[in-house]
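Below is one structure, written out as structure tokens; the observations come after it.
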């Protein structure tokens with residue numbers, strides 16, 4: 001008999017694939033880039049404590065503390081250039097209440113080497129962080 | 001209760017993605033199937049525990065409606081209408097309430113007394129709680145009369161699941177639209193996926 005196993009396992013079944021779930025997908029962005037995307041989504045939603053948490057992870061993984069500190073401090077529009085700037089800007093666009101990703105943001109991603117697998121991972125990471133924001137509020141209050 | 005096969009997989013299959021994006025989505029097939037399994041566990045469990053199956057599916061309708069994702073609303077309405085003890089009338093009332101709340105969102109909206117009597121006090125309380133969670137209304141979040149911590153944990157997981165799916169579908173839809181313009185440029189050497 002099956003019970004509500006999701007309570008224990010989370011929405012991503014770790015038993016199905018060990019690399020699923022936030023920061024653990026097999027293809028796409030690397031862990032530092034996912035943490036950067038999570039930082040943007042959390043910050044834009046006003047969850048600064050969560051943004052700081054993701055910033056620490058991004059700093060460790062990307063080894064670019066200045067870029068992360070700048071993004072954490074200034075938010076969007078992002079002062080970052082290159083691939084990280086493209087990812088941050090696109091994450092902000094996708095995290096809006098009405099998600100949007102314009103031609104400019106996409107061209108910037110493509111010209112910085114973001115391929116289709118990474119684009120899908122970007123969307124999934126934004127989705128995953130957005131979905132967990134209300135739970136972060138509950139935990140914080142508890 | 002029969003377990004109805006639905007899911008994110010179907011919704012993504014129907015999106016008008018180009019070849020490169022379609023392949024990238026296919027590469028995430030295991031993760032997407034795992035999400036569909038989670039949906040079945042959350043919305044069609046054999047042992048419902050502290051949140052009934054009708055309540056679970058009503059919450060799914062409500063959260064999807066607040067995010068204006070029509071396909072998901074329709075899917076969960078169908079699921080709700082098929083629930084033992086529910087039927088199309090309850091599904092219709094909940095849909096109407098969800099639409100009204102979505103129209104007012106992020107301003108709070110409480111069900112009208114007539115609707116409240118039909119959907120029950122327990123669902124009315126949790127709908128208000130969901131609105132409060134989505135708008136960072138701390139005072140509203142604390143109003144959970146009749147809902148245990150375990151029950152609210154289930155509510156939170158359903159919200160996480162639905163919002164994830166809403167964002168995944170809407171995000172990929174945006175990517176597909178943007179790529180209609182950019183992909184021709186990519187063929188000239190900008191892209192790594194074609």
Just one listed residue, out of A:67, A:135, A:61, A:51, is crowded, with 19+ Cβ neighbours inside 10 Å and modelled with pLDDT under 95, and it is A:67
Return a yes/no flag: does the stretch B:111-119 have any residue that is within 20 Å of the chain's Cα centre (by Cα), outside any helix (DSSP H, G or I) and modelled with pLDDT of 80 or more.
-> yes
I'd like to know if the stretch B:89-99 contains one or more residues that are surrounded by 21 or more Cβ atoms within 10 Å (Cβ to Cβ) and facing chain A (nearest Cβ under 10 Å). no
Within the stretch A:113-130, of all residues that are at the interface with another protein chain (Cβ under 7 Å from one of its Cβ atoms) and farther than 16 Å from residue A:100 by Cα, the one surrounded by the most Cβ atoms within 10 Å (Cβ to Cβ) is A:116
Quick check: anything in the stretch B:102-109 under 22 Å from residue B:52 (Cα atoms) and in contact (Cβ under 8 Å) with a residue 12 or more places away in the chain? no
Selection from the stretch A:88-113 of residues closer than 18 Å to residue B:164 by Cβ, in contact with a helix residue (DSSP H, G or I) (Cβ under 7 Å, 6 or more places away or on another chain) and not in a helix (DSSP H, G or I) yields A:95, A:99, A:101
Quick check, is residue A:75 within 30 Å of residue B:103 (Cα to Cα), touching a helix residue (DSSP H, G or I) at 6+ places or on another chain (Cβ under 9 Å) and touching a residue at least 12 places away in the same chain (Cβ under 8 Å)? yes
Residues of the stretch B:43-83 being outside any helix (DSSP H, G or I) and within 21 Å of residue A:124 (Cβ to Cβ), in sequence order, are B:67, B:68, B:69
Every listed condition ((1) part of a helix (DSSP H, G or I); (2) within 9 Å of chain A (Cβ to nearest Cβ); (3) modelled with pLDDT of 90 or more; (4) in contact with a helix residue (DSSP H, G or I) (Cβ under 8 Å, 6 or more places away or on another chain)) holds for residue B:40 save (4)
Here the residues within the stretch B:127-149 that are more than 8 Å from every other protein chain (Cβ to nearest Cβ) and part of a helix (DSSP H, G or I) are B:127, B:128, B:129, B:130, B:131, B:132, B:139, B:140, B:149
Being away from every other protein chain (no Cβ under 12 Å) and surrounded by fewer than 21 Cβ atoms within 10 Å (Cβ to Cβ) narrows B:47, B:14 down to just B:14
Only unsatisfied item for residue B:173, checking (1) crowded, with 16+ Cβ neighbours inside 10 Å; (2) in contact with a helix residue (DSSP H, G or I) (Cβ under 9 Å, 6 or more places away or on another chain), is (2)
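The values are calculated or read from the model by the stated rules, or taken from the named source; none is laboratory data. Model, not experiment: these values are computed from the prediction. Neighbour counts run over all protein chains shown; Cβ positions are idealised from the backbone, glycine included.
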